[in-house]
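These notes concern the structure reproduced below.
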C-alpha cells in the first residue's frame, strides 16, 4: 500500500457522524504530526442539547477543547464500540481533535485501550496540558487553534512513554490493511498476511487502537456503508452486502442497526428526506 493510498484512506475514514446534534457552522482542518494525520473539528452544540448522539467510527481517540467558554476545559474520549450519547460536560462551543486510528498511541506512547469512551479530563492524563487548554479556549480563530493544538501534539511526542515499536508498527499496518479493503476480513487472513498468531495481532491492535481487530473491522465496514449509501443512493443493499463480504444481508443489517440504532433501509430513507428538504429550502 503506497503512502498516497494510506493518506486517501485515512482522510476518507475519519468518522462520519450523521446523528450529531450540532450547528450547521462546522469546519474541518487537517494537521500532519510525525507523519500522522489528525483532524480538528470546530462546532457548536444546538440549544438544549447535553450530549452527542454518536455511532462507532474506525477506532479514533478524540479530545474536546472548550472554545470561548467561561471555564477552560478539555476531555479525552476513547473508542466508541456502539451507539451511545456521549456527555459534553457543559461545553457548548468546542474544537475537537480527532486522531486517525493507532496514531494516538504512536504520538503519545499511551495505550488507547486505557481511555474510556465516555471521556475523562485531559489533565488526568496530561497534567502539563493546562496552558494549552487555556490558550485554545481564549481564541476563536481556526488558524490559532491549529497552531496551539499543533504545539500540544508536539509536546505529547516529546514527553511520550515507550510502547514497543514492533506493536505500534504492526497495529498501524493492520489498520491500513483494513482501511484499504473496507470489507469483512477474518483473523485467519490477517495471520496469513502478517505471519503473526491471532493473540499477537489482537494484543497489538487492542493496545494501540483501543478495540479488537474484529470490532475495528466492523466499524470500518459501517463507515464504508454510510459513505457508500450517501454517494450511491441507487446501489442495492444486496450489492453493498456482497461488496463488503458479510455472510448475508441479515448479518449486515444486524451490525448496522446495532451500531447506529436504525437499519440500512431506514438510513437510506433518512438521507433521501434530508436531500429533498435541502432542495425545497433552495
Filter the stretch 197-256 for residues that are outside any helix (DSSP H, G or I) and under 16 Å from the mean Cα position of the chain (by Cα); the one that is farthest from residue 111 (Cα to Cα) is 212
The lone condition residue 124 fails out of (1) under 20 Å from residue 53 (Cβ atoms); (2) touching a strand residue (DSSP E or B) at 6+ places or on another chain (Cβ under 9 Å) is (1)
When every residue in the stretch 133-156 that is in contact (Cβ under 8 Å) with a residue 40 or more places away in the chain and within 10 Å of residue 72 (Cβ to Cβ) is compared, the one surrounded by the fewest Cβ atoms within 10 Å (Cβ to Cβ) is 138
Across (1) surrounded by fewer than 21 Cβ atoms within 10 Å (Cβ to Cβ); (2) touching a residue at least 60 places away in the same chain (Cβ under 8 Å); (3) farther than 29 Å from residue 261 by Cβ, residue 106 clears everything bar (1)
Subset of the stretch 177-206, residues under 23 Å from residue 114 (Cα atoms) and out of contact with any helix residue (DSSP H, G or I) (no Cβ under 6 Å at 6 or more places or on another chain), comes to 199, 200, 202, 203
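Here's the yes/no breakdown for (1) surrounded by fewer than 16 Cβ atoms within 10 Å (Cβ to Cβ); (2) under 30 Å from residue 275 (Cβ atoms); (3) without any contact (Cβ under 8 Å) to a residue 12 or more places away in the chain; (4) in contact with a strand residue (DSSP E or B) (Cβ under 7 Å, 6 or more places away or on another chain):
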| site | (1), (2), (3), (4) |
| --- | --- |
| 188 | yes, no, yes, no |
| 205 | no, no, no, no |
| 214 | yes, no, no, no |
| 222 | no, yes, no, no |
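No value in this document is a laboratory result; all are computed from the given coordinates. For clarity, every value in this text was computed on a predicted model and none was experimentally measured. In this analysis, Cβ positions are derived from the backbone assuming ideal geometry, glycine residues included, and neighbour counts consider all displayed protein chains.
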